[in-house]
Amino acid sequence: MKLIASLFEIVGSIGLFLYGMKLLSDGLQKCAGAKMKSILHLMTANRFLSVFTGIIVTLIIQSSSATTVMVVSFVNASLMSLTQAIGVILGANIGTTITGWIVAILGFKMDITVLALVAIAVSLPLMFSSNSRFKEVSEIFLGFGILFIGLEFLQTSMPDISENQTMIKLLSALEDQSVTSMLICVLAGTIITIVVQSSSATMAITITLAYQGWIGLYTACALCLGQNIGTTVTAYLASVGASTNAKRAALAHIFFNVIGSIIAMILFKPMIFIVNSITPGDIYSMQGEALRETLPAFLAMFHTLFNSANTLLFFPFINQYSNFITKLVKDKKVYSEDDYHFSYISGPYMEAPELYLLAVNGEITKMANLAKDMFDEYHNAFARNDIDIDKVVSSLKKKEDYADQMQEQLTSVCVKIQRDNMASSGSVSNLFRVIDELESVTDSIFNLIKITEQRIKQKLTFTQEEELEVRSLIDLVSKFIVFITSHTDTGMDRDDLETSLAFERSINTQHKTLSGRIRSRLSVGVEDVQVELLMLEIERNLEHIGDYLINIAECYHEVKKHTPLPSQITK
């Protein structure tokens, strides 16, 4: 009965620690929202900056699992290349070692009960503040407080085994420094981390067990290696059902940690010797209380050395490693080219609205390029009689249907963002409107090709003057579409908006001029009324496209103020 009670105490303590970690991580993510935008700028093809970004982001949000899942999400949304992702993952493995130091220094060198109560006391008034920023900060302090309480309970709930000779013999057997014992401990560390879904929690458990005398130096170090393998499961689960590149990023994380752990197992004793040489005292000659006091910092240093050495080992070969993973995981076409599917990862680590907005805007860029391709196809077919018009109409119909699917799915994501209050309503409303306006552009382009189909099938032709009049307006709209498309991933500053307004004014002027000429010709009588009426339909649709495009320009001028864009991450 006593054993069962102790077991529940230990599990409850771990639960408190995990809940505190979640609150802390969530609060940090929310508070760091604006800073995250600036940090994400560093995610470039430069591998030095990618690694540095991984370290900084993980330090800010206090979770390598969260950082890795974010990276997999970025890759899945085509906002980051595999090479960039690998660099960030390498950095995240270094950044996560800070948790071990926090536990080792604050958890065992100070009275953490006092720290916990102070943190919770600070969070209390902030929690009831009407200021949302204060509420986010209160989550951080509350998370710290609950985390420290969980750690304190974990320490006190560990039974004293000094009188239990059977347990002492069993645990001592793991300290025989044999390969078998090391593999058992690595496997145990892996399983525990998979179960609790947090390498930080497993690290805290390992340090506590070592501090309480349950496990020795070699067992604790081997458990640390297992944690690094177990933590890869979170990223793997996030990649299930995602794109091929997202799967590659998750696999790169798994290989990196597993290979690094295997190398560390081969060099196990030399690594412990190196850590011993750079930490105060001689761990080999310590016993009793001195060993207990030294082990937490020693294990934190071992964890840091292992992850840093692993990163340095892989760092020079990031490009080659990326190529290897790309060849290993072949491209797989999950959806047909006629069907759109917005594949984006969600989960417990996806509470930062910047990630959703970045992904949506990346898809909007694709939608804009689709509209541009459609208009180019129409432009090419406008006045020609020697084309297979049925083939062109069929091609544009497929693209227009694809745009409809994009509108439906992207709008659903925006609704989710707005419903969950994850971003400012202004940012989401602007994206709503951009998606809707782009879909209207594709509708008008399809109307234009249907007019061309009607002209060809009725064997109607333009005079040279009529063709030049309409082509001038088509050329202007084409340039406007190209200008808008080139700014979907950069946003629009005031000068860009002025350029867009100039385009729209020119289109309106030409529309009025052309419409006036057509009506004048109709009023005096022309031989082919049908051609003139078709011209009226063409210029009306072209003018509508100009209206949609200026609306998009105005939205992107607003979006640039609130939302990070793909150009801030990829080049």
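Percent of C-alpha pairs per 5 Å bin in the range 353-568, short distances first: 1, 7, 15, 17, 17, 14, 11, 7, 5, 3, 1, 0, 0.
In straight-distance terms, cross-link reach from Lys247 covers every one of the aspartates and glutamates whose alpha-carbon lies under 12 Å from its own, apart from those fewer than eight places away in the same chain; here that gives Asp331.
What's the exposure ranking of Thr244, Thr513, Thr232, going from fewest to most Cβ atoms within 10 Å? Walk me through the numbers on the way to the answer.
Details: Thr244 17, Thr513 14, Thr232 25.
Going from least to most buried by this count: Thr513, Thr244, Thr232.
In terms of surrounding Cβ atoms within a 10 Å radius of their Cβ, Met374, Met127, Met70 rank from fewest to most as Met127, Met374, Met70. Over the range 166-334, the hull volume per residue, using the convex hull of the C-alpha atoms, is 117 Å³. Considering only Met271, Gly281, Ala235, and ranking their Cα positions along the charge dipole of the range 166-334 that arises from unit charges at the beta-carbon of Lys, Arg, Asp and Glu, the one farthest toward the positive end is Ala235. Maximal additional length on extending the Arg471-Thr326 stretch stands at 47.6 nm, based on 0.36 nm per residue less the C-alpha distance.
Couplings for the range 469-474, taken from phi via the Karplus curve 6.51 cos²θ - 1.76 cosθ + 1.60 with θ = phi - 60°, read 4, 6, 4, 4, 6, 4 Hz in order; Gly and Pro are left as x. Pairs exceeding 26 Å between alpha-carbon atoms, taken from Lys22/Lys327; Lys372/Lys512; Lys416/Lys450; Lys366/Lys397; Lys22/Lys366: Lys22/Lys327; Lys416/Lys450; Lys22/Lys366.
Read the figures in this text as sums done on the coordinates, not as results from a lab. Treat the numbers as computed from the prediction; the structure is a model and nothing was measured. No Cβ is skipped: glycine too gets one built from the backbone with ideal geometry, and neighbour counts run over all protein chains shown.
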